[in-house]
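Below you'll find the structure, written out as structure tokens, and then a few comments.
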Amino acid sequence: MAGLMDKAKGFVADKIAHMPKPEASLDKVSFKNMTGDSITVHSNVNVTNPYSHRIPICDITFSLKCGGKEVASGTIPDPGWIEDSGEVTKLEVPAKVPYNVLITLMKDLGRDWDIDYELHVGLTIDLPVIGNFTIPLDTAGEFKLPTIGDFFGGSKTEEAATT
């Protein structure tokens, strides 16, 4: 009897392992907004659903590291659904980074105002039969901070290109 149960467990595990699952990709981080106390950067999670019905998203967790230090993290609860039948669902992951954190990263900025980053995202979805399933996503690169000139009449590089 125990041998039959082991075979049944193996069969179910094999079927679940080869079951199609949603696929996701993560865009690069880019600048979105600037307020009096922080900047907001964001990335998009692009998710494709292989099933003919929508799948609920439980939550999105994220951690943004700049210069090896965690500068923003959080959880986005219940962000909606993944659309059905191969449609791409875009989910925005915004992160607020306070200016005092950016000041500590000034040594990384240099003259070009680029910040090296790593973004780790966990997309938790509720799959039928399987239950909660987390898709880990990572991206790394650098994003450019805006300068004062970008907000007041363009930057010097734009002026040089037009003359």
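Within the set of other residues whose C-beta is less than 14 Å from the C-beta of PRO79, count the net charge using Lys and Arg as +1 and Asp and Glu as -1.
On the way: positive: ARG54, LYS90; negative: ASP59, ASP78, GLU83, GLU92, ASP126.
Summing Lys and Arg as +1 and Asp and Glu as -1 gives -3.
Protein chains only, probe 1.4 Å: how do CYS58, CYS66 rank by accessible area, largest first?
Accessible-area ranking of CYS58, CYS66, largest first: CYS58, CYS66.
Could I have the simple spin-label model distance between ASP59 and VAL129, label points 7 Å from Cα toward Cβ, reported in nm to one decimal?
Going by the 7 Å Cα→Cβ label model, 2.8 nm.
Please list, by residue number, everything in the stretch 14-49 whose backbone N is under 18 Å from a paramagnetic label point 7 Å out along Cα→Cβ of ILE103.
Correct set: 35-40.
For SER43, SER85, what's the largest-to-smallest order of accessible area, 1.4 Å probe?
On the way: SER43 0, SER85 80 Å².
The most accessible residue leads, giving SER85, SER43.
The values are calculated or read from the model by the stated rules, or taken from the named source; none is laboratory data. Worth saying up front: this structure is predicted, and the values here are computed from it rather than measured. Backbone-built Cβ (ideal geometry, glycine too); neighbour counts: all protein chains shown. SASA here: full protein model, heavy atoms, side chains in, ligands and nucleic acids out. Shrake-Rupley method; radii C 1.70, N 1.55, O 1.52, S 1.80 Å.
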